[in-house]
Amino acid sequence: MQAAIEEACAALRAGALVAFPTETVYGLGADARSEPAVRSIFAAKGRPADHPLIVHLASIDALDAWAREVPAAALALFERFAPGPLTVILNKRPEVLDVVTGGQPTVGLRVPDHPVALALLEAFGSGIAAPSANRFGAVSPTTAAHVALELGDAVALILDGGPCRVGVESTIVDLSGETPALLRPGGVEVEAIEAVLGRSLASPRGGVRAPGMLPAHYAPRARVVAVDARRLAEAVAAEDGRVVVLGPVDVAGAPRIALSAEPAEAARGLYAALREVDARGFEVAVVALPPPIGLGLAVADRLRRAASR
């Protein structure tokens, strides 16, 4: 792997894109200090230019190079959850590129919890801007094969670190203002974040943009129907065409793709299950929303956005 890490660093320094594993999903990385390199992320993904990116760091020691200040609340969260699936939005230093932040005065920062990602970041010696390594709005990749299938020659190198352990993107918390706000539920449970902060997270502030906040996102080609568990059979019966159920239980007359009822396992398998829907040629996927508690909140969020396409 060391030779691959060195090759990836050389590619990044040359302005190329490198896909790499994190504990959440695979990222499409570019040198966050290079405007041409970062712009190539948007071109490869078909991503809107005003949609900000997250900068990945090797450790919390690098926060001061990107954030104008690191408030005590941010430091407390990073000390508790980094490395881990948490992104914190902070006011950026002037030299942070507008192309990274979507023109906003804030930047999203995180330290991923994956040995390959950390080895890459340590060897590269600077921040790597990286959204998920897939076409914009589509299902995020949780294996190297997913990246190759979707982006192919758009990346110089794909580092294979196996299947992602968490399976959904990082939780995003905005600490750029006076009131901490939840912008996206993800791999760190909201309840755990609120316990560290000693207060509840507010709803997003107007005008603040972050990855994964669009109403329609994370969607397969098939149409997704997300319903209350009590309406699952009724929803399946109401659909025509090739219908599949995503979940832990069978519905009479319909094929099923397994998805655990346990929130952490459901998060880990969600994107692979959505990709399987398309691979098997189904036209509609019907799925019961989990209770919005713990990681169930993140799973429900992704399913609702997939169903809004």
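Since every read-out is calculated from the coordinates, none of them should be taken as a lab result. Bear in mind the structure is a predicted one, so any value in this text is a computation, not a measurement. So basically every Cβ, Gly included, is an ideal-geometry build from the backbone, and we count neighbours across all protein chains shown.
Over the stretch 59-158, the alpha carbon radius of gyration divided by the compact-protein estimate 2.2 N^0.38 Å works out to 1.17.
Karplus-based coupling profile of the stretch 283-293, in residue order and whole Hz: 9, 9, 10, 9, 9, 8, 6, x, x, x, 10, with θ = phi - 60° in 6.51 cos²θ - 1.76 cosθ + 1.60 and x standing for Gly or Pro. Summing +1 for each Lys or Arg and -1 for each Asp or Glu among the other residues whose beta-carbon sits under 12 angstrom from that of His56 gives -3. Which FRET efficiency, nearest 0.05, do Ser59 and Phe136 yield, Cβ-Cβ r, R0 25 Å? My answer for the efficiency is 0.25.
Scanning residues 5 or more positions from Arg184 or on other chains, those with amide H under 5 Å from its amide H are Ile172, with H placed 1.01 Å from N in the peptide plane. From the square roots a ≥ b ≥ c of the eigenvalues of the alpha-carbon gyration tensor of the stretch 198-237, which class results: rounded (a/c under 1.5), prolate (a/b over b/c), or oblate? It is oblate, given that a/c is not under 1.5 and a/b is not larger than b/c. Here the stretch 267-285 is scanned for amide nitrogen atoms under 18 Å from the site 7 Å beyond the Cα of Asp240 along Cα-to-Cβ, giving 282-285. Stretched out straight at 0.36 nm per residue, the stretch from Arg199 to Ile293 would grow longer than its current Cα-Cα span by 32.1 nm.
Sorted on the mean count of surrounding Cβ atoms within 10 Å across their residues, most packed first, peptides 124-130, 33-39 read 124-130, 33-39. Using the average count of surrounding beta-carbon atoms within 10 Å as a protection proxy, the listed peptides 163-176, 189-202 rank, highest first, as 163-176, 189-202. Each label was represented as a point 7 Å from its Cα along the Cα-to-Cβ direction; for Ala229 and Leu149 these points are 2.9 nm apart. For the chain, modelled as a GNM whose springs connect Cα atoms under 10 angstrom apart, the maximal fluctuation among Ala252, Ala133, Ala58 occurs at Ala252.
If you work out Cα extents along the principal axes in Å from the coordinates, which of (1) 53, 53, 37; (2) 52, 42, 32; (3) 57, 45, 31 do you get? Here the calculated entry is (3).
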